[in-house]
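Chemist: Have a look at this one.
The values are calculated or read from the model by the stated rules, or taken from the named source; none is laboratory data. Quick caveat: nothing in here was measured; it's all calculated off a predicted structure. Here the Cβ positions follow ideal geometry from the backbone for every residue, glycine too, while neighbour counts run over all protein chains shown.
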Amino acid sequence: MNKIVIKPYNVIDHTDLPEMSVDQIPADGDPIEIKGELYYVCENNYKQQSDPPVIGVIPLVVRDPAKVLNIKNYIHCLSIAHRKVLFKNDKGICDLDNCDEMIIS
């Protein structure tokens, strides 16, 4: 399968992140790891006309949240990612308090 090069862009602090190769362009809410930190895709059609396509992402951990200009947008993007989180144990799907693993799909 051919790899696609994307250019992540942090929509919270407006910084470019390193280009990366992926099998397919990630959807809104998909997790991606960049330099050991977890980000979630938000605004995946940010600048798809560019080469490589620019994908808007938000970090899981926001340092200095008072500087986030649009916290409602961040929370909305995070809620999309949260819907893709599944907690499981040996009996199946469970609540956070009694689970053995967390799966982000």
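Chemist: I'm trying to understand the selection: among the residues of the stretch 11-55, which are buried (at least 19 other Cβ atoms within 10 Å of the Cβ) and farther than 18 Å from residue 76 by Cα?
Modeler: Passing the criteria: 17, 54.
Chemist: What tally of residues in the stretch 1-20 results from selecting those that are of a type in the set (A, V, I, L, M, F, W, C) and in a loop (DSSP other than H, G, I, E, B)? Talk me through it step by step, then tell me what you get.
Modeler: We begin by selecting, within the stretch 1-20, every residue of a type in the set (A, V, I, L, M, F, W, C); these are 1, 4-6, 11-12, 17, 20.
Then keep just the ones that are in a loop (DSSP other than H, G, I, E, B); that gives 1, 11-12, 17.
Adding up the residues that qualify gives 4.
Chemist: Out of curiosity, is residue 58 in contact (Cβ under 8 Å) with a residue 40 or more places away in the chain, within 9 Å of the chain's Cα centre (by Cα), surrounded by 10 or more Cβ atoms within 10 Å (Cβ to Cβ) and closer than 30 Å to residue 95 by Cα? Give the steps one after another, and end with the answer.
Modeler: Details: in contact (Cβ under 8 Å) with a residue 40 or more places away in the chain: yes; within 9 Å of the chain's Cα centre (by Cα): yes; surrounded by 10 or more Cβ atoms within 10 Å (Cβ to Cβ): yes; closer than 30 Å to residue 95 by Cα: yes.
Yes; evaluated as a whole, the condition is true for this residue.
Chemist: May I ask you to verify whether residue 104 is of a type in the set (A, V, I, L, M), at pLDDT below 70 and under 25 Å from residue 18 (Cα atoms)?
Modeler: Working: of a type in the set (A, V, I, L, M): yes; at pLDDT below 70: yes; under 25 Å from residue 18 (Cα atoms): yes.
Criteria met by residue 104.
Chemist: If we keep just the residues of the stretch 1-36 that are out of contact with any Phe, Trp or Tyr (no Cβ under 8 Å at 6 or more places or on another chain) and small (Gly, Ala, Ser), which is nearest to residue 50 (Cα to Cα)?
Modeler: Per the stated criteria, the residue is 21.
Chemist: Of everything in the stretch 84-101, what is in a strand (DSSP E or B), farther than 27 Å from residue 20 by Cα and either at pLDDT 80 or above or not charged (D, E, K, R) (or both)? Give them in sequence order. Can you show your working first?
Modeler: Applying the first criterion (in a strand (DSSP E or B)) to the stretch 84-101 yields 85-89, 92-93, 101.
Adding the requirement that they be farther than 27 Å from residue 20 by Cα leaves 87-89, 92-93, 101.
Those that are in a strand (DSSP E or B), farther than 27 Å from residue 20 by Cα and either at pLDDT 80 or above or not charged (D, E, K, R) (or both): 87, 89, 92, 93.
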